[in-house]
Structure formats: C-alpha cells, structure tokens
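A short worksheet on the structure shown next.
Bear in mind that the values in this text are calculations on the coordinates, not laboratory data. Computed from a prediction, not measured in an experiment: that's the story for all the values here. Please note: Cβ atoms are built from the backbone with ideal geometry, for glycine as well, and neighbour counts cover all protein chains shown.
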Amino acid sequence: MERTSYLYDEKRGKLAWDTRYKIICGIARGLAYLHDESRIKVIHRDLKPSNILLEMDMNPKISDFGLASVFEGDHTKHITRRVAGTYGYMAPEYAVLGHVSTKSDVFSFGMIILEIVTGRRNSVSSETMMAEHLLTYVWENWNRGTKAEIVDPSLHYNYSESEVLKCVHIGLLCVQESPSDRPGISNVILMLVGRSTTLPAPSRPAFLFRLNNENHVHGDLNDLLDDSNKSNPSFNKLTITEFEPR
C-alpha cells in the first residue's frame, strides 16, 4: 500500500469526489464486516483517518486493531474502565462513561465522513486565537442552509451535489449524541447506495462547541493514510494513552 496524504493541504485537490465517495463506501463495508458479518463481532474503538490505509486503487483498509473489543454471539456492547482512543473521534458515551458499542465506531465513522467531504481537519491549531470545531462548522452551515459552504472548495464543484449532501446528512446522523439515534452500519450502507431513501433529520451533534486557544482538544489527528512518525497523547478523565510509532 502506498502511504501518502491526499485529503489535506496541497494534495487534497488530487482526490476527486468519486474517489472520496468510494473511500467512504469502502470504510462502511469494512465496518459492516467487523460489526455484522464476521464470526466474531469487532469494535475498533480507534477509527480515525490515520488508521485507514489506501491501496493503489484507492480501496480503503481499516488498520490498527490494538484497542479493538471482540464479542461473540449477540453481545455488541460493554462498559470499560480503561478508556483509550483519540479525542475528536471518540463517541461521548465512550469518552465520558466508558460505554463501548458498535455505535461508538459509527460515531467515529461519521467524523471521518465529514472530514472527507469538507477537507478540514478534525483539530484545532494552538496558534489560532479562535477556531471552530468541525462539528460546529458543519452543523451551523447545515442549519443555516449554506450547505455548499460545507464542501471542500478544492473540488471546484466537480461533484454530484445530491450525493455530497447525502454524505453530509449521513455523517450528521452518525455523530448524534445518543447512540440509539445513530444508524447501524448496515443501515448506513443502505443510505449511501440507496437512490430513493428518505433520511431522518439529524439531531444536534455531540460535543458541539466553539474552541479557543486555551480550551482545545489534543489528539492524534494525522493525515489520511499518513503512518505517522510521531503521535500526540490522547487525554481523558480515566487514562492517558500515548500512541506509539508503528
């Protein structure tokens, strides 16, 4: 697999919408296998862009299962006292309460969708006096009706507007605060590939806030496919987890 960055900075214009959509659908199918199709159910617990590798033909592969939870039978959730992962991608019920479920991965996937569509990092620069969290940016534009502002300008309007906005809609459904409100990954796939599916209105996302340089979240927020040489620690109330170089 070639490891490089296509989503951010000067290279992101090379990633056409059709390729981005292919990546979104491929990640969804990978999660569906882990959650629903494998003999054992796997919850990744640290799904983020740097753990999505692309093959030469841009097929995505989910990687790094070091924090994964494995279930047999019909069990799909549990409570852990060891919360570890990356802020910005962890579902609120997991980050705060240690509740792990397939819907935790769905939340992370929703964040990845929004990053792919917007071309914006799910992070805040410490050099910026006032920055807007990705969820706030997307949600406010969605509600104002300025949906075109959500889409990565490097696409230069070379995309299907209905397809792009459907992906934003699905991303917002995936990051809803209540796990029960989020769709299962199999339903997400039906939404992505369906032609006439009417989607429910998303509710206010979890962790919706404005950030300044004294109140921001640090985490391992690396470029898509960038197998990082160094990573930042992820902090929460229960543990401090440092991601080691691979």
Selection count where residues are touching a residue at least 60 places away in the same chain (Cβ under 8 Å) and in a loop (DSSP other than H, G, I, E, B), scope segment 137-155 = 1
inquiry  = Would you confirm, using the coordinates I've provided, whether residue 94 is of a type in the set (Ser, Thr, Tyr), closer than 20 Å to residue 194 by Cβ and either touching a strand residue (DSSP E or B) at 6+ places or on another chain (Cβ under 7 Å) or surrounded by 15 or more Cβ atoms within 10 Å (Cβ to Cβ) (or both)?
reply    = no
message = If residue 195 satisfies all but one of (1) in a helix (DSSP H, G or I); (2) within 22 Å of residue 19 (Cα to Cα), what's the number of the condition it fails?
response = (1)
key: Residue ID - surrounded by the most Cβ atoms within 10 Å (Cβ to Cβ), chosen from residues in segment 173-192 that are touching a His at 6+ places or on another chain (Cβ under 9 Å) and not in a loop (DSSP other than H, G, I, E, B)   = 185
ask   = Which residue out of 61, 77, 48, 41 is buried (at least 23 other Cβ atoms within 10 Å of the Cβ) and touching a residue at least 24 places away in the same chain (Cβ under 8 Å)?
value = 48
remark   = Subset of segment 29-85, residues touching a Ser or Thr at 6+ places or on another chain (Cβ under 9 Å), of a type in the set (A, V, I, L, M, F, W, C), farther than 16 Å from residue 108 by Cα and assigned to a loop (DSSP other than H, G, I, E, B), comes to 58
